[in-house]
Protein chains: 2
Amino acid sequence: MFRNKTCGELRLSDAGQEVTLAGWVQRTRKMGGMTFVDLRDRYGITQVVFNVDTDAALQEQANHLGREYVVQITGKVAERYAKNQELSTGDIEIIASSLRILNSSDVPPFTIEDDTDGGDDLRMKYRYLDLRRPAVRRNLELRHRMAFEIRRYLDSKGFLEVETPVLIKSTPEGARDFVVPSRMNPGQFYALPQSPQTFKQLLMVSGFDRYFQIVKCFRDEDLRADRQPEFTQIDCEMSFVEQEDVLQMFEGLVKHIFKYVKDIDFTDPFPRMTWADAMRLYGSDKPDTRFGMEFVEIKDLTGGRNFAVLDDAEYVGAIVAPGCAGYTRKQLDQLTEFVKRPQVGAKGMMWVKVEDDGSIKSSVSKFYTEDDLAKWVERTGAKPGDLILILAGPTMKTRKQLCELRLEMGSRLGLRDPQKFSCLWVIDFPLFEWDDETQRYYAMHHPFTSPNPEDIHLLDSDTGAVRATAYDMIVNGNELGGGSIRIHEAELQDHMFRLLGLSEEDAQYKFGFLMNAFKYGAPPHGGLAFGFDRFVSILAGLDSIRDVIAFPKNNSGRDVMIDAPSAIDDTQLDELQIALNLK
Amino acid sequence: MFRNKTCGELRLSDAGQEVTLAGWVQRTRKMGGMTFVDLRDRYGITQVVFNVDTDAALQEQANHLGREYVVQITGKVAERYAKNQELSTGDIEIIASSLRILNSSDVPPFTIEDDTDGGDDLRMKYRYLDLRRPAVRRNLELRHRMAFEIRRYLDSKGFLEVETPVLIKSTPEGARDFVVPSRMNPGQFYALPQSPQTFKQLLMVSGFDRYFQIVKCFRDEDLRADRQPEFTQIDCEMSFVEQEDVLQMFEGLVKHIFKYVKDIDFTDPFPRMTWADAMRLYGSDKPDTRFGMEFVEIKDLTGGRNFAVLDDAEYVGAIVAPGCAGYTRKQLDQLTEFVKRPQVGAKGMMWVKVEDDGSIKSSVSKFYTEDDLAKWVERTGAKPGDLILILAGPTMKTRKQLCELRLEMGSRLGLRDPQKFSCLWVIDFPLFEWDDETQRYYAMHHPFTSPNPEDIHLLDSDTGAVRATAYDMIVNGNELGGGSIRIHEAELQDHMFRLLGLSEEDAQYKFGFLMNAFKYGAPPHGGLAFGFDRFVSILAGLDSIRDVIAFPKNNSGRDVMIDAPSAIDDTQLDELQIALNLK
């Protein structure tokens, strides 16, 4: 070893010891006859002192150390005169007796500090330097710790981690597959898995009973801000279970992680909310429940006053922003601008202020009497000092707009603290989604999701009303994961495929091996998958998953550090028996 | 839950309890008025009894259960009359009071028994049924347990598991890459990693200090019997270490696994052997040290007798097969046939028998006197009753042939017990391998391997003699893993690339990001990677890694269960801007 101590472990009690440290030069400061070097490694920073009176040549050498030089230093641990409370090693320093330069360094293109001067692009290109910043490293330490605790919990519950293949078969359903030409089977391609869904169901058919895997998945999508072409799932499945068993098991997992990683104890059961309620109260299937401000429907109170905007609206919804009656014209205009942005898409916004003295002001007071408005106030439960914000229009669309407005108000009012965590199960999702464009139903989750047993009789008669035995775990408005009880009877699965417009031939081609497997005694089973990147980013209090991935790709799916993807040799194309066909 | 007990946990102390089990029907037997059902799940088998006197209808239902039906059974635990010592639940049975068929099953194409009647191909096609066999399931349980313990050990030593990307850049060096066309970057391709080598070195540059990952890797090779296009590595790297530190750390890992998974305590340090000694004594860089039978060189004892075969041979090597002096002509002919097989390639074999009375017989006694042969016997240490086997020819070639003969004799003599484990470090590998065909040196490990500091002065003058700071862990003649101390100085790395015939441009194109990274303060570092599939198969006492992979591919790289790879849609090809170019 080039060291016998790390830069994070020395304390006052070590004073007098001779130690050898190795690490990177964080900074050097020359003060009179002393040169101070802050030496950094993964574990911390330790101050090293070179004294001209003790060894002038050594101090001279230290004076020439550049930022990020790699050095090995031997010296004696001594108590500091000026202690640094911000460092765990801040009570001591090393009086250097030898210095060995293990490697020099060019001047890095940005400072290796949490508060760096490097822009996003530069830091991505030099990701290996970005990863030296303690803030970034801590995210990956958190990721390691979480993965370890997830495995510890699931192992203790009898789950087996089984690796499923990465080179599988393309099933053009849902998102696009990444494909891999097979040299040994010319003209044929593997696909990279979008999830191990079918394999984990096969493992249940195989009697594995409890399976999990922390596994890379792949989706060739046009990347939105916070998507990655490769991402990591915590994929789980159990046999002989009903929905309640799955919820209990994985609520336990989430609580275990919060407890052992963040030292947060959730003692109460997580609340559960039906999808219908989530849409009605929050306009979203992943409501941020760190704060209230639920929707109140007031359509029935708005009629008969010749105000076309509300008279013609299918839906009129309100939220109460507590203590915001004092909002200025300008602030209200900003909110109106917010909801009119194309990303939100509302036509406009109405408001009602309940002044501190109980009097009511409104943007629609020329259409409504104070008595009318008083009923709105009563219905919404607004109190003196509160502001009611109202949107109107088609039900689903307006709910989504009101959802955005609610989140915006939550942010403005500081109600979305990233260090506060609110967990929620959303249950009773619809089984199908109707698509106007293709005029057919799609599986809201995937085609293996079991209908709610109570609704099976509606499958043909009222397809859209059938609820799924599906559930999502929501944390702070993010979908942490979701899953379902699966169909285990071949007959019901056939029925589903037919409702989804898959011909028997299609279904056989795409899922034949699964359907065949189901003929040999499939047990009742269900499970779920968590988005691991998201899980880590939530616990890190970050908005983006990119910050919890060691080597992420940019929005064009490029790794700018290694410059991938890239052109390949003609001989490679030739061996694969494919050719470029550029448009 | 469909059960409150598993099929593996009930004992005599549970007698009298009412329980509900769920699982698969292993077999049914009707004996008079009783029907016995063996119910199986992951945890075991429990016998269930249906009695015509208690409930005739229920017994009748049980009589119609087919093999592999999925059922839920409720009943009372009772002591068995005829106990079954082979089952952990063999003291009890369940007196059934209700039976629910959860799913029926077609008759499986082979029996779900350890000793199945299904052939390889059939079992691969129905892998989900093959996985029901306890022997196969136990392999995957072992795999899970090993992965868990590997993580536990490495975590306790401060290693962080960091996920490196799967979609990376093609570097046509060594084996072929699998490539992935990028839709978003037409004409460009990702490659799947053959190993995370460069990324783990970048993580060391990033100051991660101790990294590991259990990770899928990919190699598009023509598959030999025991290779898979996707395989799993335990990939590890450490900073500020020398070879000794790495050996200690990972010897500790291997011992931890043997202790916590197999309950085998290795108290002594693993032996270490130089590559040169391994080649000299065993003709292999991965000697099976479960048994001795080391090579003895006798060239100097064989000259001057006008026997051209030995006179012209560069190398004459012998092994002693203890107690085999009684081998018949037929047995000796078999051995000669064995070494003459094209896979071994020897021209012939000579032998010397030391009879029980000390007299000597030999296949070459017409060329050599008894005195001559007595010297061979003395040199080899053969005792009365032993058989000396001799091969001759060019040194390296003959050593390899003698290695095969030694292994064959070890197998014949029962010296290769799969439940006995012999671990060994092979060290001091050559840094370079000369290739006659291309007339250049290749890196024996990879181009980032550090030369032995003592040999750096030989790099240009005696390139082939330079030893690497590289090491392999060998268990029972299998390479379990290997690694090296890496080059961390840019200058030395440049030198290596030049010796390997990589132009500066080539090196920059292929490894530019790594070489750039090394400019910013790369620490001394080193590591290794274990083949996880092999590690599991060795501990399972199996010859093939296929048996420890849930869904393996066959020798054409096909998954015959899901029928992958397969053709993809023209629209997919179109979107990727590639075309087939079949020969």
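Odds and ends about this structure:
- Residues A:Phe110 and B:Gln508, FRET efficiency given R0 of 22 Å [Cβ-Cβ distance, rounded to 0.05]: 0.45
- Rounded tilt (10° steps) of A:395-412 against the dominant C-alpha axis of chain A: 30
- Ordering B:Glu437, B:Glu163 from the fewest to the most neighbouring beta carbons within 10 Å gives B:Glu437, B:Glu163.
- Counts of other chain beta carbons within 10 angstrom of each beta carbon in peptide B:66-77 average 2.
- Copy-to-copy label separations for A:Ala15, where each label sits 7 Å from Cα toward Cβ, in nm and ascending: 7.2
- Aspartates and glutamates whose Cα lies under 12 Å from that of A:Lys5, excluding same-chain neighbours fewer than 8 positions away: A:Asp14, A:Glu18, A:Asp41
- Euclidean distance of C-alpha centroids, segment A:268-300 and segment B:161-217, integer Å: 43
- What the Cβ-Cβ distance of A:Arg341 and B:Met444 gives, at R0 = 51 Å and to the nearest 0.05, is a FRET efficiency of 0.25.
- Between A:Met1 and B:Ala308, the modelled label-to-label distance comes to 6.4 nm, taking each label 7 Å out from Cα in the direction of the beta carbon.
- Segment B:12-103 has equivalent-ellipsoid semi-axes of 18, 15, 12 Å, by the square roots of 5 times the alpha carbon gyration tensor eigenvalues, sorted largest first.
- Ordering B:246-252, A:78-84 by mean Cβ neighbour count within 10 Å, with the highest value first, yields B:246-252, A:78-84.
- Cα→Cβ-extended label distance, 7 Å offset, between B:Ser156 and A:Asp460, nm: 6.2
- Remark: mean inter-chain Cβ contacts per residue of B:552-565 equal 6, using a 10 Å Cβ-Cβ cutoff to other protein chain atoms.
- Additional length obtainable on full extension of the chain from B:Arg379 to B:Lys299, 0.36 nm per residue less Cα span: 27.7 nm
- Listed residues B:Gln26, A:Val364, B:Val344: farthest to the positive end of the dipole of the protein assembly as shown (Cβ charges): B:Gln26
- Neighbourhood charge, 15 Å Cβ-Cβ cut-off, centred on B:Arg183 and excluding it, Lys, Arg +1 and Asp, Glu -1: -3
- Counted by neighbouring Cβ atoms within 10 Å, the residues B:His495, A:His144, A:His488 run from fewest to most as B:His495, A:His144, A:His488.
- Taking a ≥ b ≥ c as the square roots of the eigenvalues of the Cα gyration tensor, chain A is oblate, since a/c reaches 1.5 or more and a/b is not larger than b/c.
- Across the identical copies, how the A:Lys361 labels are spaced - nm, sorted shortest first, 7 Å along Cα→Cβ: 11.9
- Look at the stretch B:570-583: the mean tally of other chain Cβ atoms within 10 Å of its residues' Cβ atoms is 5.
- P(r) tail fraction, segment B:275-315 - alpha-carbon pairs more than 11 Å apart, %: 68
- Chain B - percent relative contact order, Cα under 8 Å, separation 6 or more: 13
- Charges were assigned to the Cβ only: +1 to each Lys and Arg, -1 to each Asp and Glu. The resulting dipole of segment B:291-416 about its Cα centre is roughly 520 debye.
- What separates the Cα centres of segment B:538-583 and segment A:31-58 is a distance of 57 Å.
- Rounded to the nearest 20 debye, the dipole size of the protein assembly as shown about its Cα centre is 860 debye, using +1 on the Cβ of Lys and Arg and -1 on the Cβ of Asp and Glu.
- Between this copy and the others, label points of B:Ile95 are 8.6 nm apart in ascending order, each placed 7 angstrom from Cα in the Cβ direction.
- Computed [θ] at 222 nm, deg cm²/dmol, the protein assembly as shown (DSSP H ≥ 4; -39,500 (n - 2.57); rounded to nearest 500): -8500 deg cm²/dmol
- Given A:Lys200/B:Lys76; A:Lys216/B:Lys169; A:Lys375/A:Lys400, the pairs whose alpha carbons are separated by over 28 Å: A:Lys200/B:Lys76
- Anchor B:Lys125: aspartates and glutamates whose Cα lies under 12 Å away (excluding residues fewer than 8 positions away in-chain): B:Asp559, B:Asp563
- Degrees separating the helix B:134-156 axis from the principal Cα axis of chain B, which is the longest one: 60
- Crossing angle, helix A:504-517 versus chain A [Cα axis fit, 0-90 degrees, rounded to tens]: 60
Read the figures in this text as sums done on the coordinates, not as results from a lab. These figures come from a predicted structure and were not determined experimentally. Reconstructed Cβ throughout: ideal geometry from the backbone, glycine too, with neighbour counts over all protein chains shown.
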